[in-house]
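For reference, the structure is listed below as structure tokens.
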Amino acid sequence: MNKFSKFTKALSLSAVIGLGFAGVSNAATINFNNGVAASDGSGLTSQYIDPINGGLPDYFIETFDQATGVPGFPGTTAYTIPGFEDDCAVNSVNGSPIGISVNGNASEIGIRQGSVSGVAAAPLNDSTCYGYLSNNGSGTATVEFDYTNLLDFYSAAAPGNTQLGITYLGFYWGSVDTYNDFQFYSGGSLVTTITGTSLLNQLNGDSGDQNDPASNTYVEIEFSIAEQFDTLVINTSGIAGEFDNIVIGLSSRELPVPAPAGLALFAFGLVALGLRSRLKK
Ligand SMILES: [Ca+2]
Ligand SMILES: [Ca+2]
């Protein structure tokens, strides 16, 4: 039993209907239609893990809410907006062997609830705490989520497993702007980039729209083991880049049993039974 298994709870399963993502190399498979409703009122979350219901082993979630913090992660309130300290935190940061490192300019990183004009907009249907990055009006703001610690912890716990890496990342991207982008690095080398412009083109969304599902979407990236990443970098050259429910999955993670085919057969069986009972009458 993996030590981390206790941190994940139950499976939240949905149909897996992925769409290819144009404009990105074959380094990773990017989907954006698999998000499921989050049980904590945060809009959308990963099909593999829910803030309250949990998920399959070897997935980890950052909700930015203390209420749905992960046991064992002490977290920090260093980036919370005054007035929300009791509710918000980066749950997974530092302070533990498996903590992540958040690197960036504290004046450009925020965690809060609700929308404030000219500051940040809550992702669609997200009434919980979320994270955001702002350039405060000029230049480019950057924040780095470094998972090297977590990866090292797992690697040490699985000696001989040279195939261990982070091969999944999902996040709820609120009010996608043309000037936001997400980059993935491994050992300092760029693996792939998702730009707001590409995403909006794919979804036919309007830049910065806070109310349109086409501009507020759950993005998932599946990496091959050769293209695993250890660091997520978010950039924005405007106000603002908003995100919530960041989920990472290790290569050792469980994948759900492919249910749709079985469910379809089951449904067909029910229909057939229904027909038979009707014919009997
Ligand atoms: Ca949240
Ligand atoms: Ca935005």
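Quick notes on this one:
- Filtered residue count, the stretch 228-251, keeping only those that are within 16 Å of ligand 1 (Cβ to nearest atom) and over 20 Å from Asn135 (Cα atoms): 4
- Among the residues of the stretch 99-114, not a single one is modelled with pLDDT of 95 or more and among the hydroxyl-bearing types (Ser, Thr, Tyr).
- Search result, residues across the stretch 213-227 that are open to solvent by 60 Å² or more (accessible area, probe 1.4 Å) and either over 18 Å from the mean Cα position of the chain (by Cα) or more than 20 Å from Tyr132 (Cα to Cα) (or both): Ala226
- For the stretch 228-244, the set of residues classified as open to solvent by less than 40 Å² (accessible area, probe 1.4 Å) and over 27 Å from Thr148 (Cβ atoms) consists of Gly238 only.
- In the stretch 29-86, the residues that are within 16 Å of ligand 2 (Cβ to nearest atom) and either open to solvent by 60 Å² or more (accessible area, probe 1.4 Å) or not in a strand (DSSP E or B) (or both): Phe32, Gly43, Phe64
The values are calculated or read from the model by the stated rules, or taken from the named source; none is laboratory data. Predicted model, so just to flag it, every value in this text is computed and none were measured. Neighbour counts run over all protein chains shown; Cβ positions are idealised from the backbone, glycine included. Remember, those area values only see protein heavy atoms, side chains included, never the ligands or the DNA or RNA. Shrake-Rupley method; radii C 1.70, N 1.55, O 1.52, S 1.80 Å.
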